[in-house]
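The values are calculated or read from the model by the stated rules, or taken from the named source; none is laboratory data. This structure is a prediction, so every number in the text was calculated from the model and none was measured. Don't worry about glycine lacking a Cβ; one is built from the backbone with ideal geometry, like all the others, and counts go over all protein chains shown. These area figures cover heavy atoms from the full protein model, side chains too; ligands, DNA and RNA do not enter into them. Shrake-Rupley method; radii C 1.70, N 1.55, O 1.52, S 1.80 Å.
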Amino acid sequence: MLFAAITCSSRARPAILRLAAYSATRRIVSASIPVPNDVSMERPEAVALVESEIYRDSWAESASRFFPGAGMHFTQVDLFSNQLREKNKRSAPTLGKLEQTLAQDLSSTAYGYCIVIARGPIQCLLSQYFVESLPLAGLVLVDPLLLPDDGRINQPGVGCAQTRWSSSLSDLVSILDRSSANSPMRNSSQITDDMQSEQNEIHLIRSLKIDKGRALKLEPQAVPTLVMYSGGHEYEDHFRICAERTASFHTSVADGDFFDQVPVVKVKDDAPHMQTILDWYDESAT
């Protein structure tokens, strides 16, 4: 992996300018923004944004401004662009390859002090696979629309877990294929030939009908988790249901009652998303 050196002089540059500069030189980590010198207190946590390319808008700019200003190092992970730029890797990306890429990239951080914000169906799935074996300080799942089988259910053919992967995948493909401007994600017809990362991501989603994801075997409350979903569009109910089902998977149950409930938060256009995430983390970490 190639990592761009960060000099002291770069710390004085505006965050968004450094974001653009590093995106042209870095491979997997497309942005790495340290805490500015004028911040009163630097925190031990780092924040990594792992974001889908098929969203109409990006959280990178707001996150790159907010978290360094809050005393936290910020990085952005671009999984699909890395697959395109590796000259020796011409084959299409798979879940297995991307899972290895994410693990390699996050190895540059101290796992136990890293908060991962995964935004998008593939990104949420891979981040949950990641914490099966490696720790994180916190995990934020935004639009976890792919629901893998529950590895904790040991009775084949019993329960909804046997169909949740195929049904959620079918629904996601249908959303991406519909010509609708009222969606937080671009549909397939809006992905042009020069948008190679987005094409790779769409292609992978379609291929999952054959190369399905493995069962998710996470123990409840393995890591502090926040689930968020995009609202204000025609698919809001579907996004909410997927978010609630994902949150229930991460929720501990004792004597038939839920406790340590994983919160589910609707993302609104005018809401301070980054402040919401930081407030949740500070509350869950204490």
query: Looking at the range 217-255, which GluC sites (Glu not before Pro) are DSSP coil and have at most 14 other C-beta atoms within 10 Å of their C-beta?
result: 234
Residue-wise HN-Hα coupling along the range 197-214, computed from phi with Karplus coefficients 6.51, -1.76, 1.60 (Hz; x: Gly, Pro): 4, 5, 4, 4, 5, 4, 4, 5, 4, 5, 5, 5, 5, 9, 8, 6, x, 6
Rounded Å value of the spacing that divides the Cα centres of the range 219-240 and the range 92-151: 15
Residue order for 62, 133, 252 - accessible surface, 1.4 angstrom probe, largest first: 133, 62, 252
